[in-house]
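These notes concern the structure reproduced below.
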Amino acid sequence: MRRLPIAKQGSPYIIGLAVLLLLFGLLGWTILTVLTLIVTLLVINFFRDPERTIPQDPQAVLAPADGRIIFAGKVFEDRFLNKETLKISIFMSIFNVHVNRIPFSGEVESVHYEKGTFFAAHVDKASRDNEHNAVILRISGGEKIVFIQIAGLVARRIDCWVKPGERVQRGDRFGMIRFGSRLDIFVPTDSKLAINKGQRVKAGESILCHHLKDK
């Protein structure tokens, strides 16, 4: 049996709106019925959770989020890894699928949630100052990958469904950020980029780079 392509976190919103839609329709309140129908369709669209075709390449680091690449380059990651890394940032608009997926197979070492501000997600200071949730993933060879869910100007809720010690597979769903946001991922510097700034990617399907050390 195929799963309904809607994230379960959207169920309370969709059911509530559906009840209002039915009520307004029965009362004959046309304007409210039309407005509620539009909002309901927008909410359903936001919480959609389609299946994805996961690439079989074992060296492929996959996009953890749908959206547009706004940065790809080397930086010094000083909070969790304390070394030079390759950073890739994905901006998620309100119209993107917001379910996040694991970029590479490994074991969750730790999860760090921090409250913060709500700057627009596409600006640089959002990476550090905004409310965020970081997942540190230990991969083969003892290396680590860090991916950080970052709230945006509209996004006010970060969901993370993985816990320390959990084994995860590339393409697994691990969380979502509600109503527009950003996701940063930090990978080893020996990784070879497969995307360009401005390119649009899909979570669990698009290849961001290849981790070459295991080859």
Determine if segment 185-202 includes at least one residue that is within 16 Å of the chain's Cα centre (by Cα), under 15 Å from Pro55 (Cβ atoms) and surrounded by 17 or more Cβ atoms within 10 Å (Cβ to Cβ). yes
List the strands (runs of 3 or more DSSP E) inside segment 144-209, counting only whole elements, that have at least 2 residues being of a type in the set (Phe, Trp, Tyr) and in the same structural domain as Leu81 (by TED's automatic domain parsing). none
So, in segment 98-131, of the ones that are basic (Lys, Arg) and either under 18 Å from Arg68 (Cα atoms) or surrounded by 21 or more Cβ atoms within 10 Å (Cβ to Cβ) (or both), which residue ends up modelled with the lowest pLDDT? Lys125
Single unsatisfied condition, Ile207 versus (1) touching a strand residue (DSSP E or B) at 6+ places or on another chain (Cβ under 6 Å); (2) buried (at least 20 other Cβ atoms within 10 Å of the Cβ); (3) modelled with pLDDT of 95 or more: (2)
When you look at Lys202, is it at pLDDT 95 or above and under 23 Å from Ile139 (Cβ atoms), yes or no? yes
Which members of segment 1-57 meet the condition of being loosely packed, with under 12 Cβ neighbours inside 10 Å and either of a type in the set (Lys, Arg) or in contact with a Cys (Cβ under 8 Å, 6 or more places away or on another chain) (or both)? Arg2, Arg3, Lys8
Would you tally the residues in segment 172-184 being surrounded by fewer than 20 Cβ atoms within 10 Å (Cβ to Cβ) and either farther than 19 Å from Glu107 by Cα or in contact with a Leu (Cβ under 8 Å, 6 or more places away or on another chain) (or both)? 1
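The values are calculated or read from the model by the stated rules, or taken from the named source; none is laboratory data. Since this is a predicted model, take the numbers as computed values, not measurements. Cβ: placed from backbone, ideal geometry, glycine included. Neighbour counts: every protein chain shown.
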